[in-house]
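Remarks on the structure that follows.
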Amino acid sequence: MPTVILGGGISGLTAAYYLLKKNCTSIALLEASNRFGGWIKSNKQKNDSIFEEGPRTIRPRGNPGINTLNLIDDLGLSENILPIKNDSAVARNRMIYAGGELHSLPNTFSSLLKVQKPFSKPLLMHLLQDLVTKPKIVKDESIYNFTRRRFGDEVAEYLISPLIRGICAGNAQEYF
């Protein structure tokens, strides 16, 4: 009887890898979609640039971080790691892809006061919306719906959904 792993995302693939390292040779890795990798998806563009549609960074801290770095080393991928220093422009500037274009997210207080695409009003106005939102008792609510109710559609769609997808490789509209 094989060991069955449900899901071929990064967690399922990692579980299969560690089982193989422990000499478990009978593994069934079941994936509902037509590809493995889960939220991790890289697309090569016509100009040979690579567009990452999911998680693209790691923060190797503590024991989980050491484990991740060891896994990367075991897989022979260490040379592909590009460290980002805290003072680099890449660490300060965040981009989101919305409406078929890349957009810079506000990264200074003054930029919170300006309209920046894809937002239709200054981000500070979305944040202040929470102060006038009437309280509502709900039994259960996704982080997406919570954010949408408190800060508006744009914050939920352009900030929270990519954040959850990028950090947790999850879907902000699902209930956990």
Being exposed (fewer than 10 other Cβ atoms within 10 Å of the Cβ) and either touching a Cys at 6+ places or on another chain (Cβ under 7 Å) or among the aliphatic types (A, V, I, L, M) (or both) is the filter; apply it to the stretch 27-69 and report the residue that is nearest to I84 (Cα to Cα). I50
Of the residues that make up the stretch 126-139, is at least one part of a loop (DSSP other than H, G, I, E, B), modelled with pLDDT of 85 or more and in contact with a Gly (Cβ under 8 Å, 6 or more places away or on another chain)? no
I'm checking my understanding of the structure. Among residues of the stretch 140-170 that are in contact with a helix residue (DSSP H, G or I) (Cβ under 7 Å, 6 or more places away or on another chain), part of a loop (DSSP other than H, G, I, E, B) and closer than 28 Å to I58 by Cα, which one is modelled with the highest pLDDT? G170
Pairs, first closer than 17 Å to G54 by Cα in the stretch 14-43, second at pLDDT below 95 and among the aromatic types (F, W, Y), C-beta under 8 Å, six or more apart: S42/F51; N43/F51
Here the qualifying pairs (Cβ atoms under 8 Å; residues six or more apart or on different chains; first in the stretch 85-107 and at positive phi; second surrounded by 10 or more Cβ atoms within 10 Å (Cβ to Cβ) and assigned to a loop (DSSP other than H, G, I, E, B)) come out as G99/K117; G99/P118
What pairs can you find where one residue is in the stretch 54-80 and farther than 17 Å from K21 by Cβ, the other is modelled with pLDDT of 85 or more and among the aliphatic types (A, V, I, L, M), and their Cβ atoms are less than 6 Å apart, with a gap of 6+ or different chains? P60/L69; S78/I72
Take the stretch 1-45 and flag every residue that is farther than 24 Å from P162 by Cα, part of a loop (DSSP other than H, G, I, E, B) and among the basic types (K, R). K22
Residues in the stretch 1-48 that are β-branched (V, I, T) and touching a strand residue (DSSP E or B) at 6+ places or on another chain (Cβ under 6 Å): how many? 4
Pick from the stretch 89-120, criterion touching a helix residue (DSSP H, G or I) at 6+ places or on another chain (Cβ under 8 Å) and assigned to a loop (DSSP other than H, G, I, E, B), ranking: surrounded by the most Cβ atoms within 10 Å (Cβ to Cβ): F119
Does L19 meet the test of being closer than 23 Å to T68 by Cα, over 24 Å from the mean Cα position of the chain (by Cα), of a type in the set (A, V, I, L, M) and surrounded by 10 or more Cβ atoms within 10 Å (Cβ to Cβ)? yes
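The values are calculated or read from the model by the stated rules, or taken from the named source; none is laboratory data. All values derive from a computational prediction rather than experimental measurement. In this analysis, Cβ positions are derived from the backbone assuming ideal geometry, glycine residues included, and neighbour counts consider all displayed protein chains.
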